[in-house]
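Novice: There's a structure below that I have some questions on.
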Amino acid sequence: HVLNLTLVDLPGMTKVSVGDQPLDIEDQIRSMCMNFISNPNAIILAVTAGNSDLANSDALKLAREADPDGERTIGVLTKLDLMDPGTDASEMLQNRVIPLRRGYVGVVNRGQRDVEGKTSVAAALKREQQFFKGHAAYRSMMNRCSTPTLARMLNQILMHHIRDCLPDIKNRITSM
């Protein structure tokens, strides 16, 4: 129940070519990613596994290059359900590790086993909600967790963008 958005799922950065991939695969992927995220109207979802070190995130590095002021970047932390026991991503979700103007959202996606087992998206969303509500560190920050939260954030950004651009569009139409 959100406005239509075009989502371009770009590949993750590859460091070493495998099989018949070209030797410059890293440069090709980087160039393709920069081509999309350099568009000033694009919202950048810098996806990083929550169980990894944010300082090593290729997504955040590229986002910072294309959006140095962080106006268009949202950090998305995945795999929060796979973190070691006793650890959590609460510091990252509270925007304290590598701050982003729009902050971070934590999500739990379907895994390969879920896809192969034909777990429905609705069932996966329900399980994601249960995970966050049942986790001591995340239940108090539900406004920063879940796929529906990310969808609402994107919807808000799009609506504000339309609102901000509408006067200029009206003026251009009137002058034509």
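The values are calculated or read from the model by the stated rules, or taken from the named source; none is laboratory data. As the structure is a computational prediction, the values presented were derived from the model and not from experiment. Every residue, glycine among them, receives a Cβ derived from its backbone with ideal geometry; neighbour counts consider all protein chains shown. Each accessible area value is taken on the protein alone, full model and side chains, heavy atoms only, with ligands, DNA and RNA left out. Shrake-Rupley method; radii C 1.70, N 1.55, O 1.52, S 1.80 Å.
Novice: List the residues, sorted by chain then number, that are 5 or more residues from Ala49 or on another chain and whose placed amide H is less than 5 Å from its amide H.
Specialist: Correct list: Thr78.
Novice: Rounded to the nearest whole Å², what accessible area per residue is found for the chain with the 1.4 Å probe?
Specialist: Numbers: 11590 Å² over 176 residues.
The answer is 66 Å² per residue.
Novice: How do the peptides 136-143, 148-155 rank, highest first, by the average count of neighbouring beta carbon atoms within 10 Å per residue? Let's see the in-between values first.
Specialist: On the way: 136-143: 13.8, 148-155: 16.4.
The most tightly packed comes first, giving 148-155, 136-143.
Novice: Ignoring ligands, DNA and RNA, what percent of the 1.4 Å accessible area of region 45-117 is carbon and sulfur?
Specialist: Working: 1730 of 3960 Å².
Answer for region 45-117 is 44 percent, counting heavy atoms of protein chains only.
Novice: For region 63-132, what does the alpha-carbon gyration tensor say about shape, rounded, prolate or oblate, given a ≥ b ≥ c as the root eigenvalues, a/c under 1.5 as rounded, and a/b over b/c as prolate? Walk me through the intermediate numbers first.
Specialist: On the way: a/c = 2.68, a/b = 1.76, b/c = 1.52.
In terms of gyration-tensor shape, prolate.
Novice: Also, I was wondering about something else. Let a ≥ b ≥ c be the square roots of the eigenvalues of the Cα gyration tensor of region 106-157; is it rounded (a/c under 1.5), or, if not, prolate (a/b larger than b/c) or oblate?
Specialist: Working: a/c = 2.75, a/b = 1.37, b/c = 2.01.
Oblate.
Novice: In nm, to one decimal, how far is the modelled label at Ala123 from the one at Ser38, with both set 7 Å along Cα→Cβ?
Specialist: The two pseudo-label positions are separated by 4.4 nm.
Novice: Cross-link partners among lysines for Lys79, C-alpha distance below 21 Å, same-chain residues fewer than 8 apart left out?
Specialist: Lys61, Lys118, Lys126, Lys133
Novice: Okay, next question. Does region 13-65 come out rounded, prolate or oblate by the C-alpha gyration tensor, with a ≥ b ≥ c the root eigenvalues, rounded set by a/c under 1.5 and, if not, prolate when a/b is larger than b/c and oblate if not?
Specialist: The shape class here is oblate.
Novice: Kindly provide the trypsin sites (Lys or Arg not before Pro) of region 1-108 that DSSP labels as loop, not H, G, I, E or B, and whose Cβ sees at most 11 other Cβ atoms within 10 Å.
Specialist: Working: sites: Lys15, Arg30, Lys61, Arg64, Arg72, Lys79, Arg96, Arg101, Arg102; in loops: Lys15, Arg72, Lys79, Arg96, Arg101, Arg102.
Sites meeting the loop and neighbour criteria: Lys15, Arg96.
Novice: Oh, and also: What are the ³J(HN,Hα) values, in whole Hz, obtained from phi via the Karplus relation 6.51 cos²θ - 1.76 cosθ + 1.60 with θ = phi - 60°, for each residue of region 161-176 in sequence order, with x given for Gly and Pro?
Specialist: 5, 4, 4, 6, 8, 4, x, 5, 4, 4, 4, 5, 5, 4, 6, 7
Novice: Related question: Going by amide H atoms built from the backbone, whose H comes under 5 Å of the H on Gly106, apart from near neighbours?
Specialist: Amide H neighbours of Gly106: Leu77, Cys145, Ser146.
Novice: Moving on to the next point. Give the share of C-alpha pairs in each 10 angstrom bin for region 18-109, from 0 to the last occupied bin, in whole percents, shortest bins first.
Specialist: 16, 43, 29, 11, 0
Novice: Could you list the square roots of 5 times each eigenvalue of the Cα gyration tensor of the chain, that is, the equivalent ellipsoid semi-axes, sorted largest first and rounded to whole Å?
Specialist: Working: eigenvalues 162, 111, 58 Å².
Three semi-axes, in Å: 29, 24, 17.
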